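Structure first, then comments.
The values are calculated or read from the model by the stated rules, or taken from the named source; none is laboratory data. Keep in mind the model is a prediction, meaning the values are calculated, not measured. Heads up, the Cβs are rebuilt from the backbone with ideal geometry, glycines too, and the neighbour counts pull from every protein chain shown. Accessible surface areas use protein heavy atoms only, side chains included; no ligands, DNA or RNA. Shrake-Rupley method; radii C 1.70, N 1.55, O 1.52, S 1.80 Å.
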Amino acid sequence: MLRQRFAAASALSTGRDARSDNHGRLWTERVDDRLMADAMTDDGERTGEHGDDTHGEEERAHETYGEEQADERAGERQDEHGEEERQRRRRIAALRAAGRVLARVSAAATLGERLAALTTEGGAVYDLDETVDLYGNGIVEELERRVAELLGFPGAVFFPTGTMAQQVALRCWAGRTGNRVVALHPLAHPEVHERGALGAVSGLRTVHPTGEARLPTADEVRALEEPFGTLMLELPLRDAGFLLPAWDELEEVVEAARERDAVVHFDGARLWESTSHLGRDLPEIAGLADSVYVSFYKSLGGLSGGALVGPEPFVEEARAWRHRYGGNVFQQHPAALAALVGLERELPRLPSYVAHAGVVAAGLREGFQAAGVPWFRVNPEVPHTHEFHVWLPYGSEVLTEAAVRQAEETGVVLFRRWSTGSPAGPPGVAFTEVTVAAPGLEWTASDVREAVLTFMEFVHQVVREG
């Protein structure tokens, strides 16, 4: 039974970390609050999705350099990897120990805490005395039913990863339309974070209706020079600042795709939090598309996985392709239960997070102005969701170090890891993603402003140290 599986796992996982002296102090919020997680690791998808190619680098080094030089380079890489891991652990420790944060992330929780949360909260959303799932039945079927109902579609199919889900969706539509060309934004997830899988695995080809840092317009879709079978829209467009179009703009873009005899697929990994900006409920938003992918771990605080929704024939074909892609996993009850908990507890809260993100963004602008920062950008100025970008004219290493020091020395986490912009962009500029969740609701604009002033003091300190 599910209850026995989770109880046994929770008992086994209570090791040194779970029994630490400060355990109660660090995690005093409600379980679902502290495990909300914007579903990214501390370092985010940008640095962890593509895996470690150390072995391939070593082979290339031996081909290019002599044996001794290649061994030296391999040793340097090992030192670099060791330092990266040390810094990652340092960031997590600072986040765990912090008393004030805008959002807790899943990477900061221990195994024992996550399993305990499932055991504690799971019984409210599913009968834990039911038997475990086998190859997608039981609790997985219940999750699929729930998602289809929430989005207003006749069927849904669970996938262990979003990359697999969208591979399957776009492949299915290519077969049905007879056109293997997918129109999407150059910053869309398949183009940036999936190692070219659409072409390498599914034999699809992509075209870009626009190069602007926003979703394409209807005119741009109509003006695309070649035919395409599917228009994929990422809602919101994360790498452009979690941007959304206005509702009438979205309707027009979808209509333009229909005029081109194309189907429309929504990458709705973060669709859950898009209702406030678009001013429509989930079924009406999702109903514009022929199929929609949603994630369970990005905004709902789940463990992993997502789902595709669409018409019944599409869903059944997607199930077949899920099996072919290796996604028909033996048992998935932890991920399914965590998703059900997120739908029950976190989904209703997302509108409040979105509303408060505007307060936080305003406080950031006030703080940077008061600190005399020569240039900064909060993008968008009024967040479209509960996540947005912040840009500053310093190196990413400087800003990340300042953020960690602020957490370590003051117990306040305003920012996490910073990243460099595009290689083609201006040097010395970095950005970070800001997420506002349950812990962030306690922050006033004045609180944010004061935290920015303190953060900039640490920035100047790091800069002086050179």
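Numbers below:
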item	result
Residue-wise HN-Hα coupling along the range 157-170, computed from phi with Karplus coefficients 6.51, -1.76, 1.60 (Hz; x: Gly, Pro)	9, 7, 10, x, 9, x, 4, 5, 4, 6, 4, 5, 4, 5
Lys, Arg +1 and Asp, Glu -1 on Cβ, resulting dipole of the range 353-452 about Cα centre, debye, nearest 20	220
18 Å reach of a label modelled at VAL207, 7 Å along Cα-to-Cβ, counting backbone N of the range 249-276	253-265
Cα→Cβ-extended label distance, 7 Å offset, between VAL329 and ALA362, nm	4.2
Relative contact order (percent, whole number), the range 229-368, Cα cutoff 8 Å, 6+ residue spacing	20
Dipole of the range 119-238, positive end: most advanced residue of GLY199, LEU224, PRO154 [Cβ charges, Cα centre]	LEU224
Computed magnitude of the charge dipole of the range 147-211 (debye, nearest 20; Cβ of K, R +1, Cβ of D, E -1)	260
Computed FRET value (nearest 0.05) for LEU441 with GLU344, which takes r as the C-beta separation and R₀ as 25 Å	0.85
Extension gain (nm, one decimal) between SER419 and ASN379, 0.36 nm per residue minus Cα-Cα	12.9 nm
Dipole moment magnitude, nearest 20 debye, the range 300-381 about Cα centre, only Lys, Arg, Asp, Glu C-beta charged	180
Heavy atoms of TYR126: accessible area, 1.4 Å probe, square angstrom to 10	40
R0 of 56 Å, Cβ-Cβ distance ARG222-ASP79: FRET efficiency to nearest 0.05	0.55
For the range 409-421, 3J(HN,Hα) per residue [Karplus equation, 6.51 cos²θ - 1.76 cosθ + 1.60, θ = phi - 60°, Hz, x = Gly/Pro]	8, 10, x, 10, 10, 8, 10, 10, 7, 9, 10, 6, x
Part-to-part distance (alpha-carbon centres) for the range 158-199 and the range 446-466, which is given in Å	42
Qualifying chymotrypsin sites (Phe, Trp or Tyr not before Pro) in the range 331-381, DSSP loop, other Cβ atoms within 10 Å at most 13	TRP375
Segment MET1-GLU141, extension gain: residue separation times 0.36 nm, minus the distance between their alpha carbons	48.8 nm
Extension reserve of the THR131-GLU255 stretch, reckoned as 0.36 nm per residue once the Cα distance is removed	40.1 nm
All-pairs Cα distance distribution in the range 113-158, expressed in whole percent, bin size 10 Å	25, 45, 28, 2
J(HN,Hα) series, the range 107-122, from Karplus relation 6.51 cos²θ - 1.76 cosθ + 1.60, nearest Hz, glycine and proline x	5, 8, 8, 8, 4, x, 5, 5, 5, 5, 4, 4, 5, 6, 8, x
The range 333-466: relative contact order as a whole-number percent, Cα under 8 Å and 6+ apart	31
FRET E, pair GLU316, HIS460, Förster distance 60 Å, beta-carbon r, rounded to 0.05	0.50
Calculated SAXS-style log₁₀ I(q)/I(0) at q = 0.12, 0.16, 0.17, 0.18 Å⁻¹ - the range 166-254, Debye, Cα scatterers	-0.34, -0.61, -0.69, -0.78
Share of carbon and sulfur in the accessible heavy-atom surface of the range 88-198 [1.4 Å probe, %]	52
